[in-house]
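See structure below.
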Amino acid sequence: MTDAQQTAEASPDLAPSEPSGPAPVPLLAPREGVPPVIADDEALAEVVAAFAAGSGPVAVDAERASGYRYGQRAYLVQLRRKGAGTALIDPVACPDLSALGAVLADTEWVLHAATQDLPCLRDIGLVPERLFDTELAGRLAGFARVGLGVMVETVLGYSLEKGHSAVDWSNRPLPEPWLRYAALDVELLVDLRDALEDDLRRQGKLDWALEEFAAIAAAPPPPPRKDPWRRTSGVHKVRRRRQLAVVRELWTARDQVAQKRDLSPGKVLSDAAIVAAAQAMPQEARVLAALPGFGSRMGRRQLQHWQAAIDRARELAEAQLPQPGQPSAGPPPPRAWAEKDPAAAARLSAARAAVTAHAEKLRLPQENLLTPDVVRRLCWEPPAELTPDELAPALRALGAREWQITQTVDLLSAALSPAPH
C-alpha cells in the first residue's frame, strides 16, 4: 500500500483546510501598484533581465478576447516573480516572448487552469517545462469550488475583484481598472500555490498532483478538431443529410468571414441562425431574410453570401453529403450498451460505482481519479484477464497516470470480475 493509500485509509474524513474565520479582506491594488504595459522591445528586454534575476516560481496568466475576436490569441500576459515584481506585457506589440520563455525555462510556472492558457502562451513563445496548476491542485485537494477568486478567498482570506473577466481585451489602450484586475490575478498566485502544496502534502496527494502537472506540461498541442462544424449549437435538431450540408457550408463560410475580419464567429452569424437556415432551406435571399438571425439589419450583400452557401449545399451530389452523427473510433454511447453488449453495460455500471465510491472516499472529483472516457473504453474492450496485472497496462495504454492506476486497479479488478457462483 502506498503512502497516499495509507493516508486515505487512516483519514476517511480527509478534507482540505478551508478556514471559516473572519470575512475576506478586499485586495484592491497590487502591492507595488499597477505596472506600465510593456509594449516595445527595449522595455521587454528589461523585463527579461529582471525575471531572469528573480527567484522562485513565476506566476503566469493571460487574457484573451473570447467572444469578441477570432481565435484564442493572448491580448495581455501577466507575470510575477519574487525579486522581479509584476509585469504586464502586450503580446500584440511584442508578439515574440521566446526570450522571456528561455530565461524562465528552468523555473516552475504557476497557472490557474493551465490548459486554458497554455495554447495562447505557446503561440507567443512561452512554453513551461514545469508547472503548478492551482485549479487542478484545488480539485485534487477536495475543494468544492476552484475558481481563482473563490480559492484566494477560501485559502488566503483575500477577495479579488472579478468584474473584468469577460471584457474585450483586444481594446487599446487598456483601461487602468482592467490592468489593475489583471495584475491582481497574479498577485497572490504563488502564495496560493504554496498553501495548496502544503494541503496536498498533508493529505498524501502531492505526488498525485505533481504527476498531473508533469503530464500537462509534456502534452503536445492538440490536433485540429475533425468536422468542427458539428459543434454548432442546436445541430442535433437537424436530421436530414442535405440540411446538415447547409450547416457545414454556412459554418465554413462564417468561419472564413470571421477570420478575415478578426471577429468571433458568433458576432458574424449566430449558431441559431445557421440551424434555422438549415431547417428552412430557403431558395432565395428574400426568404432567408425573414428567418431568425437574418433580419433587416443584415445587408443585401451579406444575405447573398449566406444564400450562396445554402445553394452550394443544395447542389451537392448525394455522396458528398455528410453522414448524420459524428463517426467515432471509440465505444458507442453508453445508452446503447444494454442492447449492443449487455455484459459490457454491466461492467460499466460496476466500474462507475466503484470509481465513484473511491473518489468520494478520497475527496476528489471522479473524473480526476479516472476519466469517464478511460472507464468506458476499458469496459467496452477489457483485457482477456481482469486481474490487476492485466488491467494496469490496459489503463496505462488508455492514458491513465500511475497514481490513478495504483488507486483504481484493484477495485476495478474486483468490480469487473464475474461474481463466483
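Nothing in this text is a laboratory measurement; each read-out follows from the coordinates by a stated rule. Nothing here was measured: the structure is a model prediction, and the numbers come from that model. When we count neighbours, we look across all protein chains shown, and the Cβ atoms used for this are built from the backbone with ideal geometry, even at glycine.
Miscellaneous remarks
- Reciprocal mean inverse distance between Cα atoms of region 267-421 - Kirkwood radius, Å: 19.5
- Relative contact order (%) - the chain, alpha-carbon pairs under 8 angstrom, separation at least six: 15
- Listed by chain and number, the aspartates and glutamates whose alpha-carbon sits under 20 Å from that of Lys237, ignoring those within fewer than 8 places in the same chain, are Asp227, Glu249, Asp271.
- Whole-Å distance, taken between Cα centres, linking region 219-261 and region 119-179: 30
- Considering only Ala214, Ala336, Phe143, and ranking their Cα positions along the charge dipole of the chain that arises from unit charges at the beta-carbon of Lys, Arg, Asp and Glu, the one farthest toward the positive end is Ala336.
- Taking a straight line from the alpha carbon of Lys162, these lysines sit under 28 Å away, with near neighbours fewer than eight places off in the same chain left out: Lys82, Lys267.
- Estimated Rh, region 266-335: Kirkwood, alpha-carbon pairs, angstrom: 13.9
- Region 86-110 and region 285-303 have Cα centres spaced 45 Å apart.
- Descending Cα extents along the principal axes, region 233-311, whole Å: 32, 23, 18
- Averaging over all projection directions, the Cα-based convex hull of the chain occupies 25.8 nm² in the image plane.
- Between Arg130 and Trp109, the built amide H atoms are under 5 Å apart, and every one of these is 5 or more places off in sequence or on another chain.
- Dipole magnitude of region 21-218, debye to nearest 20 (Cβ charges: Lys/Arg +1, Asp/Glu -1, about Cα centre): 420
- The fraction of all Cα pairs in region 149-264 landing in successive 5 Å bins from 0 to the largest distance is 2, 8, 11, 10, 10, 12, 13, 13, 10, 7, 3, 0, given as whole percents.
- The charge dipole of the chain, taken about its Cα centre with unit charges on the Cβ of Lys, Arg, Asp and Glu (plus for the first two, minus for the last two), comes to roughly 2560 debye.
- Most positive-pole-ward Cα, Pro119, Leu412, Ala346, against dipole of the chain from beta carbon charges: Ala346
- Selection from Pro382, Gln304, Gly163 lying farthest towards where the dipole of the chain points positive, charges on Cβ: Gln304
- Region 334-416, Rg to Rh (Cα coordinates; Rh as Kirkwood inverse mean 1/r): 0.94
- Both the radius of gyration and Dmax for region 17-140 are 15.3, 47 Å, in that order, over alpha-carbon atoms.
- Evaluated at q = 0.21, 0.22, 0.33 Å⁻¹, a Debye calculation over the C-alpha positions of region 337-377 (equal weights, vacuum) places log10 I(q)/I(0) at -0.63, -0.67, -1.06.
- Nearest-20 debye value, region 34-126 charge dipole, Cβ charges on Lys, Arg, Asp, Glu: 300
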